[in-house]
Amino acid sequence: METRLKRCLTITDITLLGVGHMVGAGIYVLTGSVVRNMAGPSIVISFVLAGFASFLSALCYAEFGGRFPKAGSAYTYVYIGVGELWAFIVGWNIILEHMLGAAAVARSWSGYLTSLVDSSLRNSSIVTIGHFDESFFADSPDLIAFLAVVAVAVFTGLGSKTSTNFNSLFTIINMLVIAFVVCYGFTFADFTLWSVYKVNSGRSPFFPYGIGGTFAGAASCFFAYIGFDGLATAGEEASDPARAIPLATFISMSIVTVAYILMASALTLMVPFWEVNPTAAFSDAFASRGATWAKYIVSVGAMSGMTTSLIGSMFALPRCVYAMAEDGLIFKIFGQVNDKTQVPLKAVIAFSAITSVIAFLFDIETLVEFLSIGTLLAYTIVSACVIVLRYRPALSEDNIIEGNGMSSLV
């Protein structure tokens, strides 16, 4: 399929893009919260259930990505499946998902960095800019989050290969930290924490909150897999999209699921679930075993994870805009591809600017409230579109005519 974007991404590039987008800093925080308040050690099963549900949804994206390797991801697939109106709704949902997701991650990145330097960076921003009086905004503007979005946008604008190389570096660092957490954590493993009842607790050691807690944990753990849809936006830049997108989806989902299960196992075998710190689970777990130095390694992983998650959102965002612009659903100017970098540079600049302002003004809680609804809507409609295509004649090369956008697939 012809494209104005540069086909230069390998299976490895796309796989690491998917892994990086999914394995953000959330795993370091989410795991502790679910273990302590929802599932206990049965979080291991929660991650299996959440991974299975996510994998089924990812298979729908993989099928569409292999058959229709366009940059729009869910927008493209819904356009093909049920038409322009639903595609318009889903397209804007995806754009908002990536913008709000990137802004929330940038805010988290800023907060984590600030905590490591004793709040001096945040305090200097407050002194320079001041507080907001309106409750609609964050308590204070976040200059670090603003600059983080701008910095990642620069790499995104330099070309797809540059941004994926940048992503691959931090993804590998994060995976090495996860390997350290798992391997070193298992040296402290106490399997009686999974099998021996606590005196007078009256609760199962592995299912302390019952099966209901395990399923509630699975619902929360599902959001640790959000991001697999982002690698589908690389379809138009993959060297061999029909093979690369499905294979990268399968590999990245497998890597992430195994990593989550192993991390959860290591945590719940190191310390009793009732002693897990919901906000700093791994750092506190190592500290309780006398390895306080390990918190610095965990911090490196968390920062790397947030960086790759930010890159993933900022990589996918302009490509969704580009796909909609080609079909005339957004201003055509955003569908223009830069001759040198071969990316939709105007879309990168415009929507990165909006994202950076959102990160500057709004807090994480406000952003996340809007994020989950649009994400689940996109996943649901794409899955439904796979069923719709089963009852339609298959599109062949004869159906694909010269031109750009979804109108060329009719």
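The values are calculated or read from the model by the stated rules, or taken from the named source; none is laboratory data. On a predicted model such as this, the values are computed, not experimentally measured, just so you know. A quick note on method: Cβ atoms are made from the backbone with ideal geometry, for glycine too, and the neighbour counts reach across all protein chains shown.
For every residue, the table says whether it meets (1) in contact with a helix residue (DSSP H, G or I) (Cβ under 9 Å, 6 or more places away or on another chain); (2) of a type in the set (Phe, Trp, Tyr); (3) under 20 Å from ALA74 (Cα atoms).
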site	(1), (2), (3)
ASN165	yes, no, no
PHE180	yes, yes, no
SER204	yes, no, no
ILE211	yes, no, no
GLU236	yes, no, yes
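Do the conditions hold for VAL44, that is, is it at negative phi, at pLDDT 90 or above and not acidic (Asp, Glu)?
Yes.
In region 142-251, which helices (runs of 4 or more DSSP H) lie fully inside it and hold 3 or more residues that are under 21 Å from LYS346 (Cα atoms), in contact with a strand residue (DSSP E or B) (Cβ under 9 Å, 6 or more places away or on another chain) and modelled with pLDDT of 85 or more?
Once the helices (runs of 4 or more DSSP H) in region 142-251 are filtered for at least 3 residues that are under 21 Å from LYS346 (Cα atoms), in contact with a strand residue (DSSP E or B) (Cβ under 9 Å, 6 or more places away or on another chain) and modelled with pLDDT of 85 or more, what remains is 160-186.
Residue by residue, here is whether (1) of a type in the set (A, V, I, L, M, F, W, C); (2) at pLDDT 90 or above holds:
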{"site": "LYS6", "(1), (2)": "no, no"}
{"site": "GLY18", "(1), (2)": "no, yes"}
{"site": "VAL48", "(1), (2)": "yes, yes"}
{"site": "GLY51", "(1), (2)": "no, yes"}
{"site": "GLY66", "(1), (2)": "no, no"}
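Only one of these is at pLDDT 80 or above, of a type outside the set (Lys, Arg), more than 26 Å from the chain's Cα centre (by Cα) and more than 18 Å from GLY18 (Cα to Cα): GLY91, GLY83. Name it.
Result of the check over GLY91, GLY83: GLY83.
Residues VAL348, VAL300, VAL276: which one is over 27 Å from SER73 (Cα atoms), crowded, with 24+ Cβ neighbours inside 10 Å, among the β-branched types (Val, Ile, Thr) and over 17 Å from the mean Cα position of the chain (by Cα)?
VAL276
Conditions tested, residue by residue: (1) of a type outside the set (A, V, I, L, M); (2) without any contact (Cβ under 8 Å) to a residue 40 or more places away in the chain; (3) in a helix (DSSP H, G or I); (4) buried (at least 21 other Cβ atoms within 10 Å of the Cβ).
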| site | (1), (2), (3), (4) |
| --- | --- |
| ALA62 | no, no, yes, yes |
| LYS70 | yes, no, no, yes |
| TYR79 | yes, no, yes, yes |
| ILE94 | no, no, yes, yes |
| GLU97 | yes, no, yes, yes |
| VAL105 | no, no, yes, yes |
